[in-house]
Amino acid sequence: MPYSFKYDWFTGNIPVFQRFLTQFRDNPVRALEIGTHEGRSTTWLLDNILTNDDSRIVSIDIFKQENLEANLAATGARNKVELLISPSHQALSTIADSSFDFAYIDGSHWACDVLEDAVLTFRRVKLGGVIGFDDYLWNDPKYNEHGTPKPAIDAFLECFAHKVTVLEHGYQVWVRKTSD
């Protein structure tokens, strides 16, 4: 499919996505993505995981990149995507609890935003669902004046340790929700 991407921060994550999300392939699932950017992970999910006609994804981003709509249309499954252009905490507050089978958090990299996204997303994922966090080890001094994802994800893991099982703890962190 002819996608137009300027950046590739996703391809290296495909093996981890496959490991934790292949279980959802061909099933009618609902997914949540915070941080859509150009739609590289969204298009991959539509092509490889959200293959059931009844599968849907809610994609949240604060900005709409110029090539996002064309990339979503190129999947042939644009109708499966609900795009919310809004700060994630505002968008998440409009979504019912236990709405999603899995979620991927890759929005703001500021510690306070990542922590808020984690807590709000946890409530919106079904029991047994999976949550993935990108950029656990990211640290770019040009952009980290408000912290990095690592302390926020660590705080979430500590506070929710009795409610999640850690599946992966590397550059990405993946957990399964085991309790409400």
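Restricting the first member to region 1-21 and to residues that are over 16 Å from residue 170 (Cβ atoms), and the second to residues that are β-branched (Val, Ile, Thr) and in a helix (DSSP H, G or I), the beta-carbon pairs closer than 9 Å and six or more apart or on different chains are 1/43; 3/43; 5/43.
For region 42-69, residues that are in contact (Cβ under 8 Å) with a residue 12 or more places away in the chain and closer than 29 Å to residue 110 by Cβ total 19. A single entry from 133, 100 fulfils the requirement of being surrounded by 14 or more Cβ atoms within 10 Å (Cβ to Cβ), touching a residue at least 60 places away in the same chain (Cβ under 8 Å) and under 25 Å from residue 45 (Cβ atoms): 100.
In summary, strands (runs of 3 or more DSSP E) completely within region 74-180 and bearing 3 or more residues that are closer than 30 Å to residue 26 by Cα and either of a type in the set (Gly, Ala, Ser) or touching a His at 6+ places or on another chain (Cβ under 6 Å) (or both) occur at 125-133. Taking the criterion of being charged (D, E, K, R) and more than 14 Å from residue 19 (Cα to Cα), the residues of region 126-178 that qualify are 126, 134, 135, 140, 142, 145, 150, 154, 158, 163, 177.
Bear in mind that the values in this text are calculations on the coordinates, not laboratory data. Model, not experiment: these values are computed from the prediction. For neighbour counting, all protein chains shown are included, and Cβ atoms are generated from backbone atoms with ideal geometry for every residue, glycine included.
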